[in-house]
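The values are calculated or read from the model by the stated rules, or taken from the named source; none is laboratory data. From a predicted model like this one, the values you see are computed outputs, not experimental measurements. Here the Cβ is made from the backbone with ideal geometry for all residues, glycine too, and neighbour counts use every protein chain on show. The protein model used for the area step is the full one, side chains on, heavy atoms only, and it has no ligands, DNA or RNA in it. Shrake-Rupley method; radii C 1.70, N 1.55, O 1.52, S 1.80 Å.
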Amino acid sequence: MTQTEEQTLSTGDTPHVPIEKIVSLCKRRGFVYPNSEIYGGVSGIYDFGPLGVELRNNIRRFWWWSMVQTNDNVVGIEGSIITHPRVWEASGHVENFVDRLVDCKNCKRRFRVDHLPEENIQQNKCPVCGGELTEPRKFNLMMETYIGVVEGERMKTYLRGEACQNIYLDYDNVLKSSRVQIPFGICQIGKAFRNEVTPGNFLFRQREFEQWDLQFFVHPSEMEKWYEYWKERRFEWYKSIINHKDRLRFRPHGPDELAHYAKKAFDVEYQTVLGWQEWEGIHWRQDWDLSRHSEYSGQDLSYTDPETRERYIPWIVETSGGVDRTFLNLLLDAYEEEPPTGKDKEGRTVLHLNPMLAPVKVAVLPLQKNKEELVTTAKELHHKLRRVMVSQYDEVSNIGRRYRRQDEIGTPFCVTIDFTTLEDQTVTVRERDSMAQIRLPMNEVPAYLLERVRWDYSV
Ligand code: GAP
């Protein structure tokens, strides 16, 4: 796709942002760096810089708050990345977690069959050079590793290919150690690893990435009800954190694209320059996981209803999304290059991030750095604010440039200390999106800002 074609994909009035702009901003301003860059990098693996880690933590915390802390029937765990190898036989990943690949006999490029246009599959033709394609081969995505020190006695296992497996492994322990009863859910945020054949599009498809999962355990007769419930709730959750609401949709999976564990699946999709792409999967996993782990481990994972004494294997509704995909989608959703206006003669790049997720909440700026009283007052306010939110102090360059620096990283508020402050203890608070400015007594600033950046999601 050319850049012009990509940009016309937009449904709304603003064009889609090319990924390259986000990659460049992320590197320039310290959100994301290529991993091992001084050695030439590793495809599909990234590091998060000072601002990236703040944004990522806010995204994670908001998910955890809205999924675990605000639901009485949901608890959380944090499982390990390495597990017993039998887990991945029971889960079906050793056998089924495969992509089908073809190579071009002429240009030697490699493609995933499910990513090829239908026409190229039909004609067995390379989409780049038109050369003949090989027969499809299966390629397992699990990353292998070894436990133990003595050569020959080391046990082969895997880095987890989907984070959620720990939840099934800990299901019985949670049931016995917490006072939960069906219906209930277990959440986890954690890393997953896949030897993706075609990693790419920045954070979209990586080899090491992070997932958030809810596994909700229900009586089979209530599966439909809870599936619909979580489907709607997750859709609303994503809608609540983006600006372009028209770029979110559901897409049901066709029978030939269902994962081996799912009887039914809907993707929450977001439209970017890459087209409509999966953001989160809502999977009807039924009894696949607990039945298979019962069978492979020999442990009975059935549930006994405390009132009716009915015994059954619980069915599972899974909502499984990506922290990194959320990170990328939020940046694509928030990025805007505004042309010069009456208010801002130079134009600006701005990240319209939801204030509660923005990496820096406020910047405190003395109007001039060579006036000691301005600097001292600004530093005092900054020290007060940084105890309750991420605050930056900045005195370098003129005030307009400092505002633009903060706009570019999505800081929702800038507080300026000027000469009037020294007379009446009031400050200017500038809001990022409207660039509107109000004057407030300085001692009211912490409470005013806290109210505007607090987590907000009606549950
Ligand atoms: N436990 C179910 C499961 O893993 P999935 O659809 O394969 O389902 C869930 O993955 C989510 O994880 C996706 O919706 C996506 O947000 C994220 N994800 C999957 N593969 C990814 C990759 N290679 N890089 C970044 N994120 C990925």
At a Cα cut-off below 18 Å, give the aspartates and glutamates reachable from LYS345, other chains included and same-chain residues fewer than 8 away excluded.
GLU336, GLU337, ASP407, GLU408, GLU431, ASP433
Treating only the Cβ of Lys, Arg, Asp and Glu as charged (+1, +1, -1, -1), what charge dipole size does the chain show about its Cα centre? Round to the nearest 20 debye.
880
Which far-off residues, 5 or more places away or on another chain, put their amide H under 5 Å from the one on GLY322, with H placed in the peptide plane?
TRP212
Would you mind checking which residues have amide H under 5 Å from PHE48's amide H? H placed 1.01 Å from N; only 5 or more apart, or other chain.
TYR33
In nm, the gap between the two label points placed 7 Å beyond Cα toward Cβ at LYS156 and ARG61 is 4.3
Go ahead and run the numbers for FRET between GLU232 and TYR39, Cβ-Cβ distance against an R0 of 45 Å, rounding to 0.05.
0.45
Could you sort MET223, MET155 by accessible area so the largest value comes first, with the probe set to 1.4 Å?
MET155, MET223
For each cysteine in the chain, check whether another cysteine's C-beta sits under 4.7 Å from its C-beta; list those where none does.
CYS26, CYS164, CYS187, CYS414
Got the relative contact order for the range 102-159 handy, in percent, Cα pairs under 8 Å and 6 or more residues apart?
28
Cross-link partners of LYS156 among lysines (Cα-Cα below 28 Å; sequence separation of 8 or more within a chain)
LYS138, LYS191
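When the gyration tensor of the range 179-305 is built from Cα positions, what are the square roots of 5 times its three eigenvalues, in whole Å, from largest to smallest?
Its equivalent ellipsoid spans semi-axes of 28, 19, 14 Å.
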Can you work out ³J(HN,Hα) from phi for every residue in the range 151-167, in order, using Karplus 6.51 cos²θ - 1.76 cosθ + 1.60 and θ = phi - 60°, giving whole Hz and x for Gly and Pro?
4, x, 10, 6, 9, 7, 9, 9, 6, 4, x, 9, 5, 4, 4, 4, 5
Ignoring ligands, DNA and RNA, please state the percent of accessible area on the range 252-305 from carbon and sulfur, probe 1.4 Å.
46
Can you tell which of ILE316, GLN165, GLN392 lies farthest toward the positive end of the dipole of the chain, using +1 and -1 charges on the Cβ of basic and acidic side chains (Lys, Arg; Asp, Glu)?
GLN392
Can you give me the long-range amide H partners of ALA192? Hydrogens built in the peptide plane at 1.01 Å from N, cutoff under 5 Å, separation of 5 or more residues or another chain.
PHE209, GLU210, GLN211
Placing +1 at every Lys and Arg Cβ and -1 at every Asp and Glu Cβ, with all other atoms neutral, what dipole size does the range 8-69 have around its Cα centre, in debye to the nearest 20?
160
Charge context of LEU248, other residues only, Cβ under 9 angstrom, K/R +1, D/E -1:
+2
Heavy-atom accessible area per residue - the range 193-287, 1.4 Å, Å²:
36
Could you compute the net charge surrounding MET142? Neighbours are other residues with a C-beta less than 12 Å from the C-beta of MET142; K and R count +1, D and E count -1.
-2
Grab the DSSP H runs of the chain that are 4 residues or longer, score each as -39,500 (n - 2.57), total them, divide by all residues and round the 222 nm result to the nearest 500 deg cm²/dmol.
-9000 deg cm²/dmol
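Rounded, prolate or oblate: which fits the range 331-408 when a ≥ b ≥ c are the square roots of the eigenvalues of the alpha-carbon gyration tensor, with rounded for a/c under 1.5 and prolate only if a/b beats b/c? Walk me through the intermediate numbers first.
Details: a/c = 3.59, a/b = 1.34, b/c = 2.68.
Oblate, because a/c is 1.5 or more while a/b does not exceed b/c.
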